[in-house]
Amino acid sequence: MPNIVVVGTQWGDEGKGKVVDVITPHVDVVVRYQGGNNAGHTVVVGREKYVLQSIPSGILHRGRRCVVGCGVVVNPGALIEEMEALVRRGVVLDGNLFISKNAHLIMPYHPALDRASEAKLGSRRIGTTGRGVGPAYVDKAARVGIRVGDLLNERLFREKLEMNVAQKNRLLREIYDAPTFSVAEILDQYLRYAGWLAPYVTDTALLLTRWIESGYSVLFEGAQGTMLDIDHGTYPFITSSSTTAGGAATGTGVPPTRIHGVLGVAKAYTTRVGGGPFPAEMSGKIAEHVQARGNEYGSVTGRPRRCGWFDAMVLRYAVRVNGLDTVALTKLDVLDQCAAIKICTAYRYQGGILTDFPEDETVVAEAEPVYEEIEGWLATTSGAKNEVDLPAKARRYLERLEELIGVPFCLISTGAQRDETILCETSPLLRWFPSVRSSVL
Ligand code: IMP
């Protein structure tokens, strides 16, 4: 059975939640492998809207096993709130949710450090979600982090907490002039969380390997996007985890040899939240139009997202670093009322033309987009069941994008509902999951 990774190809918010939701009925297990509650995966089921932050969106499908892998950073209070909200809406977690012992915890001092550090950076600030994700990964890399499994050993947890609080309080007081934390308060709160979470905590790497050996199919659900990857993104304006496909192996303990394919998710245009270079950024009326029509506001922070044209440089880069087999294109309908549509095909830099996404942050910051302009289709795409039902000009847009990025589309999404999805006939998705057709009818 195929094990497939779903990754964001841009700066996050590509609509991965919906794509995962369409594929989930055809797999046995869905696993998150990086990030934390900085992510927000929105899934619309009928009239119900769910925003999931740490739990894989596969949990909305009865009987699917969902795993929070070791590469994720877990804020236990936020996770418990998310669990309670799901239970209130009738979602069964017992026997379906598994949390890695080795996932690191977001502690109360992490969001405080996140915000204090951002304030100090001034104009160089990243524009983080303020959830403490970066500082939690800092502790992981510095080997002083506290892991979910530590919650189950009170003595060890207390020891690690005391050491960390002493260190972080010094930092908060002396470097940032910010309020400090008390060991007793955190201990009390986190031991209560431990009681709640204990039944779900386990060695998920072992579990996943056993499931794969017994023929289960696993979907790896990426959060954020390629351009926010700690190594391959637009550093330093990135998140602190491995958002690209390689992270699926390290963030779960499933070896790369057990992963059979990678599906990228891209919006029909581009968005970015927070600071950092964005060569194909729109401005003026068109930016306002796309932002309003696409409801481009952060699902976690509510911040308005910056909007831009489809950037084929970014997509070609995502194809390369993730080894994408195919791309699901979302939110095509947002462009329905645009009279003219631009596609960024290359960058102009110091008099020359770049056709590969540059690694150097100063080059990206100075690069100017080279655009190709096509006529808009000025017609509704929502509700189309097949590619042939789309307006001819919309089909031409899709064909041109495929040509520029070099891999075929597998799904075209034209609305938030599950059935507002077109399945592309030649898509590798049909090879991996022949029954996926039933999900989009
Ligand atoms: P952090 O992940 O909170 O440290 O934020 C670092 C950068 O990643 C900021 O630019 C955030 O706006 C961005 N970011 C983090 N999570 C998401 C997401 O789920 N969607 C889009 N951008 C995100």
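Some notes on this structure:
- Near pairs, Cβ below 8 angstrom, 6+ apart or cross-chain, from region 85-104 (within 17 Å of V51 (Cα to Cα)) to any residue that is among the basic types (K, R) and exposed (fewer than 12 other Cβ atoms within 10 Å of the Cβ): V92/R62
- Failed item, numbered, when R437 is tested on (1) out of contact with any helix residue (DSSP H, G or I) (no Cβ under 8 Å at 6 or more places or on another chain); (2) among the basic types (K, R); (3) loosely packed, with under 15 Cβ neighbours inside 10 Å: (1)
- Scanning region 71-84 for residues being under 21 Å from Q167 (Cβ atoms) and either more than 15 Å from the ligand (Cβ to nearest atom) or touching a residue at least 60 places away in the same chain (Cβ under 8 Å) (or both) gives a total of 3.
- Which numbered condition Y347 fails, given (1) open to solvent by less than 30 Å² (accessible area, probe 1.4 Å); (2) within 16 Å of the ligand (Cβ to nearest atom); (3) at pLDDT 95 or above: (2)
- The numbered conditions (1) more than 11 Å from the ligand (Cβ to nearest atom); (2) surrounded by 22 or more Cβ atoms within 10 Å (Cβ to Cβ); (3) at pLDDT 95 or above are all true for G36 except (1).
- Residue list for region 313-339, restricted to those being more than 26 Å from K385 (Cα to Cα), away from the ligand (no atom under 16 Å from the Cβ), in contact (Cβ under 8 Å) with a residue 40 or more places away in the chain and not β-branched (V, I, T): M313, R316, Y317, N322, G323
- A count restricted to region 254-285 and to residues that are assigned to a loop (DSSP other than H, G, I, E, B) and within 12 Å of the ligand (Cβ to nearest atom) stands at 6.
- In region 237-253, the residues that are in a loop (DSSP other than H, G, I, E, B), away from the ligand (no atom under 16 Å from the Cβ) and surrounded by fewer than 24 Cβ atoms within 10 Å (Cβ to Cβ): G246, G253
- Matching option when the condition is under 18 Å from K267 (Cβ atoms), of a type outside the set (S, T, N, Q) and open to solvent by 60 Å² or more (accessible area, probe 1.4 Å), among Y397, Y371: Y371
Residues checked against (1) in the same structural domain as G298 (by TED's automatic domain parsing); (2) without any contact (Cβ under 8 Å) to a residue 40 or more places away in the chain; (3) of a type in the set (D, E):
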residue: V144; (1), (2), (3): no, yes, no
residue: R155; (1), (2), (3): no, yes, no
residue: E213; (1), (2), (3): yes, yes, yes
residue: S217; (1), (2), (3): yes, no, no
residue: D229; (1), (2), (3): yes, no, yes
residue: P236; (1), (2), (3): yes, no, no
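- Among the residues of region 136-148, those identified as open to solvent by less than 20 Å² (accessible area, probe 1.4 Å) and assigned to a helix (DSSP H, G or I) are A136, D139, V148.
- Flag if V165 is within 26 Å of V30 (Cα to Cα), of a type outside the set (F, W, Y) and open to solvent by less than 60 Å² (accessible area, probe 1.4 Å): no
- Exactly one residue among G323, G376, G383 is at positive phi and modelled with pLDDT of 95 or more, and that residue is G323.
- Scope region 163-219; condition within 30 Å of G261 (Cα to Cα) and part of a helix (DSSP H, G or I); matching residues: Y200, T204, A205, L206, L207, L208, T209, R210, W211, I212, E213
- Among the residues of region 220-233, those that are open to solvent by 10 Å² or more (accessible area, probe 1.4 Å) and in a loop (DSSP other than H, G, I, E, B) comprise Q224, I230, D231, H232, G233.
- Positions within region 325-340 being open to solvent by 10 Å² or more (accessible area, probe 1.4 Å) and either in a loop (DSSP other than H, G, I, E, B) or among the basic types (K, R) (or both), in sequence order: D325, K331, Q337, A339
- Count of residues meeting criterion [among the acidic types (D, E) and within 11 Å of the ligand (Cβ to nearest atom)] in region 39-58: 0
- Of the residues making up region 93-138, those that are of a type in the set (G, A, S) and within 11 Å of the ligand (Cβ to nearest atom) are S117, G127, G130, G132, G134, A136.
- Any hit, region 268-285, residues being open to solvent by 40 Å² or more (accessible area, probe 1.4 Å) and either assigned by TED's automatic domain parsing to the domain that holds E118 or in contact (Cβ under 8 Å) with a residue 40 or more places away in the chain (or both): no
- Note on region 341-441: enclosed strands (runs of 3 or more DSSP E) holding 2 or more residues that are free of Cβ contacts under 8 Å to residues at least 60 places away in the same chain and over 18 Å from T326 (Cβ atoms) are 352-354, 368-375.
The values are calculated or read from the model by the stated rules, or taken from the named source; none is laboratory data. Here the structure is a predicted model, which means the values were calculated and not measured. Backbone-built Cβ (ideal geometry, glycine too); neighbour counts: all protein chains shown. What goes into the accessible areas is simple: the full protein's heavy atoms, side chains included, and nothing from ligands, DNA or RNA. Shrake-Rupley method; radii C 1.70, N 1.55, O 1.52, S 1.80 Å.
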